[in-house]
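A.B. asks: Input: one structure, supplied below.
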Amino acid sequence: MIDYDYLASRLATSLAVTFGVSVVTYGLIFLTPGDPAEIILSQQLDRQPSAAEIEAFRADHGLNDPIPVQYLHWLTDVFRGDLGTSYYSDTPVSTLIVETVPLTLELALAAMLVALAISIPAGVVSAVHRGTPIDHASQLGALLGVSMPNFWLAYLLILLFPLTLGVLPVAGAGSFGHLVLPAITLGTGMAAVVTRLVRSSMLEVLDEAYVDTARAKGLRERIVVYKHALRNALVPVVTILGLQLGTLLNGAVVVEIIFQRPGLGSLLVDAVFERNYPVVQGVTLVTAIVFVATNLLVDLTYRYLDPRVQLGGETA
Amino acid sequence: MTDQSPDSALLSVENLHTRFRTSEGPVHAVEGVSVTVDEGEIVGLVGESGSGKSVTARSIVGLQDPGEIVRGSIRLDGVDVTDATDRQLRRLRGDTVSMVFQDPTETLNPVFDVGEQIAESLKVHNQLDSQSLLEYLHVPPFSSQSEWREYRERAIELMAQVGIANPEDRVDAYPHELSGGLRQRAGMAIALASDPDLLIADEPTTALDVTTQAQLLERLRRHNAERGTAILLITHDLGVVADICDRVVVMYAGEVMETGPTDRILEAPRHPYTKALLDCLPQRVDRGSRLPTIEGSVPEPTGDRTGCPFAPRCDHATDACRRGEIPTVDLGDDRGTVTCSESSTLESHPARSATAALDGSTEPGSATAGGAPGNGPDQSTQPLVELEGVSRRYSLANGPIERLLGTDDTLRAVDDVDLEIRAGETLALVGESGCGKSTLASLLTGLEAPTTGTVRIDGTPVGPAADRDADTLADVGVVFQDPRSSLNPRLTVERAIGEPLRSNGWDRSRRRERVRELLERVGLADRHATSYPHELSGGQVQRVAIARAIALDPSLVVLDEPVSALDASVQSRLLNVLADLQADLDLAYLFISHDLTVVEHIADRVAVMYLGELMEVGPADRVFDCPTHPYTRALLEAIPSLDPGGSTGTSLEGDRPSPVDPPGGCVFRSRCPMAEPKCAETDPDQRQFGPVRAKCHLPVIDDRTASR
């Protein structure tokens, strides 16, 4: 059963959030020093551009208008489905995004899979064997994972696999092999956070009376844990997964640069350095939409995990 | 320890010791308990909280974790549970013994429908040793859908057997979609799926209404009679014991105090504790008189102890009781055992006299007049509180679109209630859970605003709390059901009680003085002022809540189930405190309770609610002795009687209809044993029958009601 009222209100909030994000990034971009005309022209012409050239560039891209007017122009274009063109290459921003989004999503999903594959079993085992050496080991691992910066892990992995063992490519994208090291780099940090969460959530659920009801039936402990307890323990975990996606996209920026992977992250970083406003805005907008959409999906997943969840929650 | 030889018994627990390791040292939850249950027998395990009865029960099925069994043996169908392997334990649980737990809101898994949970139990019983995770997770190639469907079909049969109406529809329901009674029945279906020889029921009806409790006990009794299932019933309620148990084991502080046939225990208890426990039940004491109490509290379960654990609270204790081994005396003739050094001297004492005297009250029976609370209700003047045509409805629409489409339902929590409370009287509000009692109280305290109708206090119409002035707010105090969750755990007792004073502008020294005075009034010591709620016992915390409620000298205190979370001995002390306060301060009480024995004891007048409507209002003695409304009668008949062997009368069949879609005509007609066609056609009006006002086409009128 789909609750249309709920969906409508959630979509409205999502739109408002996305709009807010675009306003804030637009404002921030103009607060940063540096003139795109100067930076881009000097790169394109390979010399210091003249005042006339700069003026022409500015007029051409509407950079002389007041900032709110520029924003309005951009916004109306967005509603027409036009994200503008890159200052640098005159390629439409939408083309740039369509080219890079799949690569970043691929990385993010792979990292998420790595994280879940590590964290769920580790968290469950840790909770079931609470206070034993297994638990301590998994806790220590999680602590390491949380505290280790991912760029450092990335270099360690590069040192170990491609350079010492000669397996897996160092950089680039395109094959499964290219995905392995970036996904592990990005996934372990998240795995650490999620392991701790699964553990504490499982500990709580294992104390619930219905777990004893399941045991009293004569069920094997494994079924009690993985069927009756885990499903309940996953509810708070799913919330965090949605929020962690933000961290994951953040991390992707770093990881993509280290592994020289094309993607939203490297696109964004380059665009920020170039003051390539349309690209920065376009990428931010798409990221915000992905983030908001994932969290909407997460909220809808609750309903499946926990039938008690009343989407909307407004009864009085 | 009992007269049966342990070998022949289905269950024999011998000298069981179960301990919990805590940071304050080991807690001795169970200290040398011996219990036997024969095939087909119903044994009651009785005690207050902290007596170790639940831990004993959980030890029997191997669920004592995180506690550990340090000594003793538990033989169940020839297997010693204390050193059974996992596989043996699973076999016992899936075949020989089943357990029904206390709170049905917590004991069913919220994310699986009840059909799945019952089907699982059936499957476990059928294939005890081949349980594969993937099969139970319904992963397609490993699990046969047709097999699961078969188990589901059988689950439906089982649901019908435990008295769930329309099981075909309910099999797909999730626990939260069912009422408490239905959930507990589903819990029974899970337990009975394995056709056990022994059913352990841990407070199975404590969280339920009396009417539902009566139905469930009837089911248990029937199951015992038809299938010969032995039952070990853990309960604090001696009425329940009297209702269905063959034999009783009385526990205190982890030890067995007395065992014996139910009749003998209730009629001629030998142990001072059993006597005291029976004495402080409100139904054994005349209305309005003081309740006998057991002074002191259960000893700390940590540390070593010698002698009888009840000695510090026992009037008959001698030096011999305080140290050394206490003998367990067999009374012979199948009359059971008693573990007491002084039991022989007690034989001549009639039950009740001992502890009543201890409390310093006059003999029960002669005390009715002296104990009548306060100056009595004042009939002449204007009522303190008046409710006139008060209703509270909730819209169930999910949002503006449904509201526009007009598909929203309304829940009628309180429907057209007229009620008044006079200064100094106790008006009890009774009814099953969900009948609107608490909503009605919230309308009075201003936590909710009525949809229609007027609430008047002292003749002045009042709105919700936000619109009331300080004087009106001060005039109504509130005590909630669960004292622990109604007090801020981070505030000391002094600050909690002083909060209403502070918001009324009392300065620090005046506050301090007032708090001391209030603590004394509710029977707490000065030193408790600096305690935090978690350092106090349940009874003490509720006293703090009462002190807070009376801090601003209200004329009305709303008490929402103030004693239902407490043990009998604590409950009786608190009821006495309430009676004293009423007499001293001339308080009016709105006393909400589902426990009719308590209500009968404390109330001047009673209002009976059903589905948001008032069914009957009248003087307590009249309503209890000769109820006018069939619903009141059904409620009273559902109370388990303390007379041994006295089974409950006709209990209400079926479940309460939904307040969203109440039956047309009289709302009670769908469950009324006397309903006639006219009950479905027209909604009866409130009518006066002598001193009683009732809303029924077919009132029970006896000679005293003849005058209209």
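The values are calculated or read from the model by the stated rules, or taken from the named source; none is laboratory data. Predicted, not measured: the structure shown is a model, and the values here were computed from it. Using ideal geometry, Cβ is built from the backbone for each residue, glycine included, and neighbour counts are taken over all protein chains shown.
A.B. asks: Go through A:L234, A:L156, A:L181 for me and flag whichever is under 24 Å from the mean Cα position of the chain (by Cα) and either within 24 Å of B:V114 (Cβ to Cβ) or among the hydroxyl-bearing types (S, T, Y) (or both).
C.D. replies: Residue meeting the stated conditions: A:L234.
A.B. asks: From the list B:G94, B:G115, B:G78, exactly one residue is small (G, A, S), assigned by TED's automatic domain parsing to the domain that holds B:D202 and at positive phi. Which is it?
C.D. replies: B:G78
A.B. asks: If a residue has to be more than 26 Å from the chain's Cα centre (by Cα) and at positive phi to count, how many in the stretch A:67-81 make the cut?
C.D. replies: Number satisfying all stated conditions: 0.
Okay, residues lined up against (1) surrounded by 14 or more Cβ atoms within 10 Å (Cβ to Cβ); (2) of a type in the set (K, R); (3) within 19 Å of the chain's Cα centre (by Cα):
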site: A:M112; (1), (2), (3): yes, no, yes
site: A:A115; (1), (2), (3): yes, no, yes
site: A:A122; (1), (2), (3): yes, no, no
site: A:I134; (1), (2), (3): yes, no, no
site: A:G141; (1), (2), (3): yes, no, no
site: A:L144; (1), (2), (3): no, no, no
site: A:W152; (1), (2), (3): no, no, no
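A.B. asks: Consider the stretch B:407-439. How many of its residues are closer than 16 Å to B:S593 by Cα and aliphatic (A, V, I, L, M)?
C.D. replies: 4
A.B. asks: Now for a separate question. Give me the pairs: first residue in the stretch A:44-71 and closer than 16 Å to A:S89 by Cα, second residue in a helix (DSSP H, G or I), beta-carbon distance under 7 Å, and six or more apart or on different chains, which are they?
C.D. replies: A:F57/A:A37; A:F57/A:L41; A:R58/A:A37
A.B. asks: While we're on this one: Name every residue in the stretch B:112-144 that is closer than 17 Å to A:R222 by Cβ and acidic (D, E), in order of residue number.
C.D. replies: Hits for the stretch B:112-144 are B:E120, B:D129, B:E135.
A.B. asks: Another question about this same structure. Checking the conditions here, which among B:A193, B:A160, B:A189 is assigned by TED's automatic domain parsing to the domain that holds B:G50, surrounded by fewer than 16 Cβ atoms within 10 Å (Cβ to Cβ), under 30 Å from B:D243 (Cβ atoms) and among the small types (G, A, S)?
C.D. replies: After ruling out the rest, the residue left standing is B:A160.
A.B. asks: Looking only at residues in the stretch B:56-74 that are of a type in the set (D, E, K, R) and within 13 Å of chain A (Cβ to nearest Cβ), which one is farthest from B:S194 (Cα to Cα)?
C.D. replies: B:D65
A.B. asks: To continue, here is another question. Return the residues of the stretch A:215-235 that are free of Cβ contacts under 8 Å to residues at least 40 places away in the same chain and within 7 Å of another protein chain (Cβ to nearest Cβ); say none if nothing qualifies.
C.D. replies: A:R215, A:A216, A:K217, A:G218, A:L219, A:R220, A:R222, A:I223, A:K227, A:H228
A.B. asks: For residues that are within 14 Å of chain A (Cβ to nearest Cβ) and small (G, A, S), scanning just the stretch B:111-153, find the one that is nearest to A:Y302 (Cα to Cα).
C.D. replies: Looking at the filtered set, the residue picked out is B:G115.
A.B. asks: Let me ask another. For the condition away from every other protein chain (no Cβ under 13 Å), modelled with pLDDT under 90, closer than 30 Å to B:E31 by Cα and buried (at least 16 other Cβ atoms within 10 Å of the Cβ), what is the one hit in B:D103, B:D77?
C.D. replies: Of the residues listed, the single one that is away from every other protein chain (no Cβ under 13 Å), modelled with pLDDT under 90, closer than 30 Å to B:E31 by Cα and buried (at least 16 other Cβ atoms within 10 Å of the Cβ) is B:D77.
A.B. asks: Just checking: which of the helices (runs of 4 or more DSSP H) contained wholly in the stretch B:516-634 hold 1 or more residues that are under 19 Å from the mean Cα position of the chain (by Cα)?
C.D. replies: Per the criteria, B:538-549, B:568-585, B:596-602.
A.B. asks: Something else now. Any idea which of (1) within 14 Å of chain B (Cβ to nearest Cβ); (2) polar (S, T, N, Q); (3) at positive phi is the one A:S201 doesn't satisfy?
C.D. replies: (3)
A.B. asks: Further, regarding this structure: So the check is Cβ under 9 Å with 6+ separation or different chains; which pairs have a first residue in the stretch B:279-293 that's under 20 Å from B:I265 (Cβ atoms) and a second one that's surrounded by 21 or more Cβ atoms within 10 Å (Cβ to Cβ) and modelled with pLDDT under 75?
C.D. replies: Listed by first residue and then by second, the contacts come to B:D279/B:T355; B:D279/B:A356; B:C280/B:T355; B:V285/B:A356; B:P292/B:T355; B:P292/B:A356.
A.B. asks: Here's another thing I want to ask about it. Which one is nearest to B:F101 (Cα to Cα) among residues in the stretch B:154-182 that are assigned to a helix (DSSP H, G or I) and within 11 Å of chain A (Cβ to nearest Cβ)?
C.D. replies: Among them, the one singled out is B:P175.
A.B. asks: For B:A253, state whether it is surrounded by fewer than 22 Cβ atoms within 10 Å (Cβ to Cβ) and farther than 23 Å from B:M99 by Cβ.
C.D. replies: When the stated conditions are applied, B:A253 does not pass them.
A.B. asks: Restricting to the stretch A:243-268, what's the tally of residues that are assigned to a helix (DSSP H, G or I) and surrounded by fewer than 16 Cβ atoms within 10 Å (Cβ to Cβ)?
C.D. replies: 4
A.B. asks: For the stretch A:245-256, check the following and say yes or no: at least one residue is among the charged types (D, E, K, R) and more than 14 Å from every other protein chain (Cβ to nearest Cβ).
C.D. replies: yes
A.B. asks: Which of the residues spanning the stretch B:652-672 are more than 26 Å from B:Y394 (Cα to Cα) and in contact with a Lys or Arg (Cβ under 9 Å, 6 or more places away or on another chain)?
C.D. replies: Result: B:L652, B:E653.
A.B. asks: Output the residue which, of all residues in the stretch B:80-96 that are touching a residue at least 12 places away in the same chain (Cβ under 8 Å) and polar (S, T, N, Q), is nearest to the other protein chains (Cβ to nearest Cβ).
C.D. replies: The qualifying residue nearest to the other protein chains (Cβ to nearest Cβ) is B:T96.
A.B. asks: Still on this model: Checking B:G67 against (1) more than 30 Å from B:G32 (Cα to Cα); (2) within 27 Å of the chain's Cα centre (by Cα): exactly one of these is not met. Which one?
C.D. replies: (1)
A.B. asks: Would you say B:V46 is farther than 22 Å from B:T302 by Cα and among the aliphatic types (A, V, I, L, M)?
C.D. replies: no
A.B. asks: Taking B:E39, is it more than 14 Å from chain A (Cβ to nearest Cβ), more than 25 Å from the chain's Cα centre (by Cα) and assigned to a loop (DSSP other than H, G, I, E, B)?
C.D. replies: yes
A.B. asks: Follow-up. Quick one: what pairs do we get from the stretch A:9-36, first residue crowded, with 17+ Cβ neighbours inside 10 Å, second of a type in the set (K, R) and not in a helix (DSSP H, G or I), C-beta under 7 Å, 6+ apart or different chains?
C.D. replies: Close Cβ pairs (under 7 Å, with a partner that is of a type in the set (K, R) and not in a helix (DSSP H, G or I)) amount to A:P36/A:R275.
A.B. asks: Residue pairs, Cβ under 9 Å, 6 or more apart or interchain, first in the stretch B:509-520 and assigned by TED's automatic domain parsing to the domain that holds B:I497, second loosely packed, with under 15 Cβ neighbours inside 10 Å. List them.
C.D. replies: Listed by first residue and then by second, the contacts come to B:R511/B:R502; B:R516/B:D526; B:L519/B:A525; B:L519/B:D526; B:E520/B:D526.
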